[in-house]
């Protein structure tokens, strides 16, 4: 007589761990940005070991290091868009001032 077959044990599900270190946007070094969470005070810190760039943001109890990193990316993109908008406005003002004065590009001088 044979042994009775037993049901297969369920396999353990692998938990994917999220990264804690990331690539710096300013110096482009891999794994140089470290994120730390201070859940007691509700503050997340991000710091680059190479160039010293740092960032702080408000967090909640469910926040992870990737959330701080993505907030940093969003803040950098917003700042870049804001600076691009300011540069375009300043360029437009410069051209309009030259046109009002008669500028160096008038046809009368040639």
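Measure off 7 Å from each Cα along the Cα-to-Cβ vector at residue 62 and residue 75, then give the distance between these two points in nanometres to one decimal.
Each label point is offset 7 Å from its Cα along the Cβ direction, giving 2.2 nm.
Pairs of Cα atoms under 8 Å, at least six residues apart: use those to get the relative contact order of segment 21-99, whole percent.
19
Once you put a point 7 Å from the Cα of residue 88 and another 7 Å from the Cα of residue 45, both along the Cβ direction, what distance in nm separates them?
Roughly 3.8 nm, to one decimal.
Assuming a viscosity of 1.567 mPa s and a temperature of 4 °C, what translational diffusion coefficient in µm² per second does Stokes-Einstein assign to segment 2-55, Rh being the Kirkwood radius over Cα pairs?
Estimated via Stokes-Einstein, D reaches 89 µm²/s.
Put a dot 7 Å past each Cα toward the Cβ at residue 21 and residue 8; how far apart are the dots in nm?
3.8
How big is the Rg/Rh ratio for segment 21-99, C-alpha atoms only, Rh by Kirkwood, two decimals?
1.20
Each reported figure results from applying straightforward, stated rules to the coordinates on display, with no laboratory input. What you see is a predicted model, and the numbers here were worked out from it, not measured in a lab. Note that we place each Cβ from the backbone using ideal geometry, even for glycine, and neighbour counts take in every protein chain shown.
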